[in-house]
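Participant: Here's a structure for you.
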Amino acid sequence: MPDEEVYEFKSGIKPMWCPGCGDYAVLNAVHKALTNLKLEPWRVAIISGIGCSSNLPHFLTAFGVHGIHGRVMPIATGLKLANPELTVIGTGGDGDGYGIGVGHFIHAMRRNLDITYIVMDNQIYGLTTGQASPTSLKEMKTKSTPEGVIENPVNPIALALASGATYISRGFSGDPKGLAELIEAGIKHKGFSLVDVFSPCVTYNKYNTYDYFRPKVYSLQKENHDTKDMGAAWKKALEWGEKIPLGIFYVAEGVPTYEDLEPAYRQGMPLKQKLGITDPRELIEEAM
Amino acid sequence: MKKGEVSFRIGGAAGDGVASSAETFARTCTRSGLYVSTYSFYQSVIRGGHVWTQVRASESPVNCHGEDPDVLICLNQDTADFHAKNVTEGGAIIVDPNAVKVEKNELKKGVTLVEIPLLELSRTYSTAQIMKNTVALGAVVGLLDMDFDVFVSVVKSQFGTKKQDVIDANVGAAKAGHDFVAKGNGRLQHPARYTKVRRMLVTGNEAIAMGALASGVKFHAQYPMTPSSSILHYLAAHGPRHGVVVKQSEDELASINMAIGAGFGGVRAMTATSGGGFSLMVEGLGLAGMLEVPVVVVLAQRGGPSTGLPTKTEQGDLNLAMGAGQGDWPRAIIAPRNQQECFDMTVKAFNLADVYQTPIILMTDLVLSESYGTVNTFDFNVPINRGMMADESKPEEFKRYLVTESGVSPRAIPGQKGFQHIAGSDEHMEDGTLISDVLAGLPNSLEERVKMHDKRMRKLNGMLKDTSGPELWGPERADLTLVSWGSTQGPLREAISRVNAENRIKVNSLEYCYVFPFHTDETKNILKSASLTMAVEGNYTGQFARLLRAETSIEMNHHLHKYDGEPFEPRHIVSKIKEVMKLA
Ligand SMILES: Cc1ncc(C[n+]2csc(CCOP(=O)(O)OP(=O)(O)O)c2C)c(N)n1
Ligand code: SF4
Ligand SMILES: [Mg+2]
């Protein structure tokens, strides 16, 4: 049982992000959500990959793995399955999650593991100084696409809808309050939660800036969007241009999580079990 | 045929049930009290092609599948065409004369051709094609004068109590074959005493999976790849009952990183693969080395490069295991030499992984992974050492990457109050904060980086002390010393015994199970008194000989390399010994 004490989640290490980077707002929102939920830092684990955004775990006092590029989901999966009592949160960039790690992203969603994945989607590779990312819009000029991107961008919301995630949302660093609420609801949700965040890279993405998003974004929840309606969610997922929706696209409650179905848990949770085999007779007999 | 021993071979097309019939026979031999070693020759096809399995069974321990068959069941014409002429003198060939023709004048002396209408006899019991194999097996049980009840007991265990009709059909079909030979063709020279001493019959992969269960593995992630897949199969079938989460992952990148996540979470974690999958794991292995997370990785080798020879054996991945990952990080590489060591070394690998908080690589190859061997009943009551954990009472003093003499820092796991930390893949300081970003290269950080790198690499000293040097087998003084690693032990020892029995020269063998960290001092000590040396390994470049030379400056005098995909047979080694020692 979490006690009523509210724990400090800031580690005291100062983020090294560029002034104005969207990731500051994400960090604050994560912090706010964790404190609001009154979670105990030692029962929270934050897993990240590599990128500017993936430095986030260092600025919190929880447990964490700052892993390798693209492998947030497998590390989070292994940890969650070993100890399902932990609150496991994945964080990272669009390159990390939707590029090099996109395979794991899809599989983590179809498993409906009870983890929350926050992607700081700045539509650029920040840490490697400004190459195109899988969410960079067509025609955008970057260091790696001097004549403009000629591929279609990944649509993370649509991908999540197609892959079986049970909580699918999008936030914006320019709306810190809304973002914190989305993260909090995502952590509370039992099942896989995606929080895709427009988190502008002020240094390398001169196109998808705060000013780019501000006039376009609107809240789905203020429009009474039905989050249980998969068809409506698809419509909203494909909306892009003059109007861009923020908020919760889709929620499916009561869908069994991977942990609910894992046969090994009939013996209790892995971390708390006795090691080894007390009665090997059956294994031996079978091999005779 | 040799006294007290039989090599049985059954061949057909993929889909004919060759491997399962061979397993039934191997278990019958095991329960009869014989020592058994098997090898399955197969191809990367599901139906058709040519496959065969050999079961060698003997009164005395056997460590390899042997050579030519004494008893051959030909389920199709190919088998007769390829193998009949190799059946040893005094042996027997079983065929259905309605389906397979054998050239009698090509057979060796005294080989009995046992013609049984297999299909016709089997029809009484079942319409299943595979039932003709059972008729043939019954005939072999008769020819070898084995106790038919032992065969029945094997069939019963295979089908369980629920499938009485299947059991009855199999027993009936086998009895028909058994009685057929009893009536007509008699029996072979009595080959062995059937003591009925109880032993286990396991593949290397099963032994590894059992070793993992005994060691308390609680998380296993794997993506299927021959010849590692049966580890996944065994653990998927048996793990959950023992609380093991077994996860078929989306790829090997996921397998290793899931295992790292679970290892970080505090449970014993493992993954298994072959060379292709291991190549994908390389970055993850370095991550585990850097995060100092214990994880056991099984690398079951097959023929390379690339997809290579998926169903064939090789020892070609030592360089890969040695060099896996950018930069230097401490690892141990263990290459069990037989099924018993597969079990024991898995236990050892888990303990080393926990004690040194780093990945441990267990290397096998297709022959060892998939071949059955008899072992004495495994003792599941194994030593378990979880290594150094942080002092629960002193969270304020905790530094995850504390620099210590041994290089090992006290560990804490998520859930432990006050021990929160970030395990980072970037270079870090004792408390886990990064020195890769703004601190990198600043005067103080140079020192910190060196301290941390030294700390990790010091683990190699401990692992060297916690593992044993190579085993010198055979006469202490010899004219030729064969040097090998892993599964080559079986055929190699048999070859040495044959050569030494001729009493012309003396040969011994220096065998490495613990491959890395390399036991340099022991190696130098032993090899300084060796007259001549020859490395025997299953790859093109002599990867082990190269490692040995790099670590000791000792150059092998001769090399025997095999990379055609088939395992070493004793005779290959015997003839090479004779060649280099100029024994015509
Ligand atoms: C295997 C691998 N390939 C490439 C890199 C180099 N790299 C580091 S971060 C990064 C992209 C970062 O982009 P994103 O994930 O969007 O994070 P951001 O910096 O934008 O927050 C790349 C390509 C790496 N670390 N590892
Ligand atoms: S480069 Fe971009 S993503 Fe990285 S810290 Fe600066 S603003 Fe943020
Ligand atoms: Mg990015």
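The values are calculated or read from the model by the stated rules, or taken from the named source; none is laboratory data. Remember, it's a predicted structure, so these values are computed and weren't measured experimentally. With ideal geometry, Cβ positions are generated from the backbone for all residues, glycine too; neighbour counts draw on all protein chains shown.
Participant: Given (1) within 14 Å of chain A (Cβ to nearest Cβ); (2) at positive phi, identify the lone condition not met by B:Ala423.
Facilitator: (2)
Participant: What are the pairs, 6+ residues apart or on separate chains, where a residue within the stretch B:96-108 that is assigned to a loop (DSSP other than H, G, I, E, B) has its Cβ under 9 Å from a residue that is exposed (fewer than 13 other Cβ atoms within 10 Å of the Cβ)?
Facilitator: Going by the 9 Å Cβ cut-off, the qualifying pairs are B:Lys108/B:Glu89.
Participant: Now a separate question. Which condition breaks for B:Ala254 when tested against (1) under 16 Å from B:Val296 (Cβ atoms); (2) facing another protein chain (nearest Cβ under 7 Å); (3) part of a helix (DSSP H, G or I)?
Facilitator: (1)
Participant: Can you find a residue in the stretch A:87-99 that is part of a loop (DSSP other than H, G, I, E, B) and either within 13 Å of ligand 1 (Cβ to nearest atom) or not charged (D, E, K, R) (or both)?
Facilitator: No - not one qualifying residue is present in the stretch A:87-99.
Participant: Does B:Val580 satisfy the condition of being farther than 24 Å from B:Pro227 by Cα and crowded, with 18+ Cβ neighbours inside 10 Å?
Facilitator: Taking the combined requirement at face value, the residue does not satisfy it.
Participant: Just wondering, is there one or more residues in the stretch A:52-62 that are under 16 Å from A:Leu194 (Cβ atoms), in contact (Cβ under 8 Å) with a residue 12 or more places away in the chain, assigned to a loop (DSSP other than H, G, I, E, B) and within 10 Å of ligand 1 (Cβ to nearest atom)?
Facilitator: Within the stretch A:52-62 (the criterion being under 16 Å from A:Leu194 (Cβ atoms), in contact (Cβ under 8 Å) with a residue 12 or more places away in the chain, assigned to a loop (DSSP other than H, G, I, E, B) and within 10 Å of ligand 1 (Cβ to nearest atom)), the answer is no, since none of the residues qualifies.
Participant: Return the only residue of A:Asp229, A:Asp175 being farther than 30 Å from B:Val217 by Cα and surrounded by fewer than 16 Cβ atoms within 10 Å (Cβ to Cβ).
Facilitator: Every option except A:Asp229 fails the conditions.
Participant: Could I ask something else about it? Take the residues of the stretch A:1-50 that are within 21 Å of B:Phe264 (Cα to Cα) and within 16 Å of ligand 2 (Cβ to nearest atom): which is nearest to the other protein chains (Cβ to nearest Cβ)?
Facilitator: A:Ile50
Participant: If you don't mind, another one. Go through A:Val202, A:Val195, A:Val154, A:Val119 for me and flag whichever is within 14 Å of ligand 1 (Cβ to nearest atom), in a strand (DSSP E or B) and at pLDDT 95 or above. Walk me through it before giving the result.
Facilitator: Working: A:Val202 fails: in a strand (DSSP E or B); A:Val195 fails: within 14 Å of ligand 1 (Cβ to nearest atom); A:Val154 fails: in a strand (DSSP E or B).
After ruling out the rest, the residue left standing is A:Val119.
Participant: Would you pick out the residues in the stretch A:234-259 that are under 18 Å from A:Ala185 (Cβ atoms), out of contact with any helix residue (DSSP H, G or I) (no Cβ under 6 Å at 6 or more places or on another chain) and of a type outside the set (Lys, Arg)?
Facilitator: If the condition is that a residue be under 18 Å from A:Ala185 (Cβ atoms), out of contact with any helix residue (DSSP H, G or I) (no Cβ under 6 Å at 6 or more places or on another chain) and of a type outside the set (Lys, Arg), then A:Leu246, A:Ile248, A:Val251, A:Ala252, A:Glu253, A:Gly254, A:Val255, A:Thr257 are the ones that fit.
Participant: Could you list, in sequence order, all residues of the stretch A:93-127 that are β-branched (Val, Ile, Thr), over 23 Å from A:Tyr212 (Cα atoms) and within 16 Å of ligand 3 (Cβ to nearest atom)?
Facilitator: Within the stretch A:93-127, A:Ile100, A:Val102 meet the criteria.
Participant: I want to confirm something. Restricting to the stretch B:216-226 and keeping residues that are crowded, with 24+ Cβ neighbours inside 10 Å and touching a Pro at 6+ places or on another chain (Cβ under 9 Å), which single residue is nearest to the other protein chains (Cβ to nearest Cβ)?
Facilitator: Ranking the candidates gives B:Lys218 first.
Participant: Could you list all residues from the stretch A:51-72 that are closer than 15 Å to B:Leu434 by Cβ, of a type in the set (A, V, I, L, M) and within 7 Å of chain B (Cβ to nearest Cβ)?
Facilitator: Residues satisfying the conditions are A:Val65, A:Ile68.
Participant: Turning to a different aspect of this structure: Please work out which residue is farthest from A:Val197 (Cα to Cα), limiting yourself to the stretch A:95-154 and to residues that are away from ligand 2 (no atom under 16 Å from the Cβ), among the charged types (D, E, K, R) and surrounded by fewer than 19 Cβ atoms within 10 Å (Cβ to Cβ). Please lay out each step first, then the result.
Facilitator: To start, the set of residues in the stretch A:95-154 that are away from ligand 2 (no atom under 16 Å from the Cβ) comprises A:100-117, A:137-139, A:141, A:145-154.
Now narrow it down to the ones that are among the charged types (D, E, K, R): A:110-111, A:114, A:138-139, A:141, A:147, A:151.
Narrowing further to those that are surrounded by fewer than 19 Cβ atoms within 10 Å (Cβ to Cβ): A:110, A:138-139, A:141, A:147, A:151.
Working: A:Arg110: 21, A:Lys138: 19, A:Glu139: 22, A:Lys141: 22, A:Glu147: 27, A:Glu151: 21 Å.
Among residues in the stretch A:95-154 that are away from ligand 2 (no atom under 16 Å from the Cβ), among the charged types (D, E, K, R) and surrounded by fewer than 19 Cβ atoms within 10 Å (Cβ to Cβ), the one farthest from A:Val197 (Cα to Cα) is A:Glu147.
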